[in-house]
1. Report whether or not Gly148 is out of contact with any helix residue (DSSP H, G or I) (no Cβ under 9 Å at 6 or more places or on another chain), at positive phi, open to solvent by 10 Å² or more (accessible area, probe 1.4 Å) and modelled with pLDDT under 95.
2. Which condition does Val184 not pass, out of (1) modelled with pLDDT of 95 or more; (2) within 24 Å of Glu51 (Cα to Cα), if it passes all the others?
3. For the subset of the stretch 151-178 comprising residues that are part of a strand (DSSP E or B) and among the aromatic types (Phe, Trp, Tyr), which member is nearest to Asn55 (Cα to Cα)?
4. Is it true that Lys130 is more than 20 Å from the chain's Cα centre (by Cα) and either at pLDDT below 95 or not aliphatic (A, V, I, L, M) (or both)?
5. Across the stretch 69-90, what is the total count of residues that are modelled with pLDDT under 95 and open to solvent by 30 Å² or more (accessible area, probe 1.4 Å)?
6. Out of all the residues in the stretch 99-106, is one or more among the aromatic types (Phe, Trp, Tyr) and either open to solvent by 10 Å² or more (accessible area, probe 1.4 Å) or assigned to a strand (DSSP E or B) (or both)?
7. Taking the conditions exactly as written (more than 16 Å from the chain's Cα centre (by Cα) and closer than 13 Å to Ile192 by Cα), does Leu110 satisfy them or not?
Amino acid sequence: MFSSNHPQRFSKIAVALILFLPFLSVLSFDTERELPAHAVPPELEGVGLEEKLGNHIDTNLSFVDEQGKQVRIGDYLKEGKPLLLTLVYYRCPTLCSLYLNEISTALKELNLEVGKEFNYVAVSFDPKEKPDLAKAKKEVYVKDYGRGDGSGWSFLTGNDPEIKALSSSLGFSYKWNPYNDQWVHVSVAYVITPEGQISRYLKGIPMDERTLRLSLVEAGNGKIGDLTDSVALFCFQFDPSKNRYTLYAFNIMRIGGFLTVVILAAFLFRFWKKQNSSSTV
């Protein structure tokens, strides 16, 4: 049997539900409008990197160096030297300067010398930039490097068709953001073989000196580096998920197996020699 105040309780609940219904509809509407978990902000749409390892870049693409001279990408791949290549823009107030500083730091730690064992080229993807900007950038980083006479370094500018052709062959996509007057892009360095083949992508900041060295030695097809580099390349393999070289277990096991065979053979030889000596006596 219901108590006498039940109708009053019911009316209060009904009023509360009526008042709460609009909030339920708003919550439902907001849930439907939620962006997917992996949605890309509009500013970053069309910006990124599609790795094209093994592809060849067009070595005949023409650019202008820091002296205003017309050059081809292939000019930096002569004499069997690999190429370290970056796409930046020289007026960048943030990321590009930071990235170039990190590259400079890695190059100073490297015992391979720019211009001797490999070349370094920065290409501006902003077609409005001209050789005067490129020249100023080169002077800063060559001075900071402190080795050699600046040969092997080049900071290039170019026209939009050539820039787009190069960036497309590298899988590098970028876009202009009018809201802050900056180019939106990723930071990556490319290691190119003397034949113009994309050998390695080195992504992000900071740049690991050992990874850079092994990437250049690998791209140089044994023409640069020393015996320790060859051994390191046998023991280490590039891990794209970690963006560096890591120990390759299979080859380590092969070395271990080879050493085991050598030791066993030496032991058996000594045993056989001892037995022969005993039988002769």
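The values are calculated or read from the model by the stated rules, or taken from the named source; none is laboratory data. Nothing here was measured: the structure is a model prediction, and the numbers come from that model. For neighbour counting, all protein chains shown are included, and Cβ atoms are generated from backbone atoms with ideal geometry for every residue, glycine included. Ligands, DNA and RNA are stripped out before the accessible areas are found, and what is left, the full protein with its side chains, is counted by its heavy atoms. Shrake-Rupley method; radii C 1.70, N 1.55, O 1.52, S 1.80 Å.
1. no
2. (1)
3. Only one residue tops the list, namely Phe172.
4. It is true that Lys130 is more than 20 Å from the chain's Cα centre (by Cα) and either at pLDDT below 95 or not aliphatic (A, V, I, L, M) (or both).
5. Adding up the residues that qualify gives 3.
6. Just the residues of the stretch 99-106 that are among the aromatic types (Phe, Trp, Tyr), to begin with: 99.
With either open to solvent by 10 Å² or more (accessible area, probe 1.4 Å) or assigned to a strand (DSSP E or B) (or both) added as a condition, the list becomes none.
Within the stretch 99-106, none of the residues are among the aromatic types (Phe, Trp, Tyr) and either open to solvent by 10 Å² or more (accessible area, probe 1.4 Å) or assigned to a strand (DSSP E or B) (or both).
7. Numbers: more than 16 Å from the chain's Cα centre (by Cα): yes; closer than 13 Å to Ile192 by Cα: no.
No; evaluated as a whole, the condition is false for this residue.
Rundown of residues vs (1) touching a Leu at 6+ places or on another chain (Cβ under 8 Å); (2) of a type in the set (A, V, I, L, M); (3) open to solvent by less than 40 Å² (accessible area, probe 1.4 Å); (4) over 21 Å from Val217 (Cα atoms), yes/no style:
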residue: Lys130; (1), (2), (3), (4): no, no, no, yes
residue: Leu133; (1), (2), (3), (4): no, yes, no, yes
residue: Ala136; (1), (2), (3), (4): no, yes, no, yes
residue: Glu139; (1), (2), (3), (4): no, no, no, yes
residue: Ser169; (1), (2), (3), (4): no, no, yes, yes
